[in-house]
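Heads up, the thing below is written out as structure tokens.
The values are calculated or read from the model by the stated rules, or taken from the named source; none is laboratory data. Since the model is a prediction, treat every value here as computed from it, not as a measurement. Cβ placement follows ideal geometry from the backbone for every residue including glycine, while neighbour counts extend to all protein chains displayed. In case anyone asks, the SASA skips ligands and DNA or RNA and just uses the protein heavy atoms, side chains included. Shrake-Rupley method; radii C 1.70, N 1.55, O 1.52, S 1.80 Å.
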Amino acid sequence: MDVQLIYQAKNGSQKAQRAIFDLFGKRMYVLCLRYVRVQEDAEELLSNGFIKAFENLSSFEVRGQYSFEAWLKRILINECLMFLRKQNKAHMMVEPDE
């Protein structure tokens, strides 16, 4: 990954953000799909995860060649897990018919 691209995105370059999305979007979509298994949910989580990543890009520090991908993956996994927890709570709140 080009470190310059990260710094450009940190400075608000939408072109750099788009390039990052193009670079990692497909892999991260597959990751989300492994967790939620519903295409529409995976797409929404992907969008939310990238938005969160770009909003918090200022807190990211480059530590190695794959550090950005690992950081992004962690954000998306957390998004998926929060989604699944909410789904589980919604199911638990509905009482079974007797």
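At-a-glance table
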{"quantity": "Any pair with Cβ under 8 angstrom, 6 or more apart, that starts in region 21-32 at a residue that is without any contact (Cβ under 8 Å) to a residue 24 or more places away in the chain and ends at one that is open to solvent by 10 Å² or more (accessible area, probe 1.4 Å) and outside any helix (DSSP H, G or I)", "calculated": "Leu23/Met1"}
{"quantity": "Residue in region 21-30 that is in a loop (DSSP other than H, G, I, E, B) and at pLDDT 95 or above present", "calculated": "no"}
{"quantity": "Of residues in region 34-68 being surrounded by fewer than 15 Cβ atoms within 10 Å (Cβ to Cβ) and touching a residue at least 40 places away in the same chain (Cβ under 8 Å), the one nearest to Asp2 (Cα to Cα)", "calculated": "Gln65"}
{"quantity": "Ser13 at pLDDT 95 or above, touching a helix residue (DSSP H, G or I) at 6+ places or on another chain (Cβ under 9 Å) and among the hydroxyl-bearing types (Ser, Thr, Tyr)", "calculated": "yes"}
{"quantity": "Lys15 being in a helix (DSSP H, G or I), among the basic types (Lys, Arg), open to solvent by 80 Å² or more (accessible area, probe 1.4 Å) and in contact (Cβ under 8 Å) with a residue 24 or more places away in the chain", "calculated": "no"}
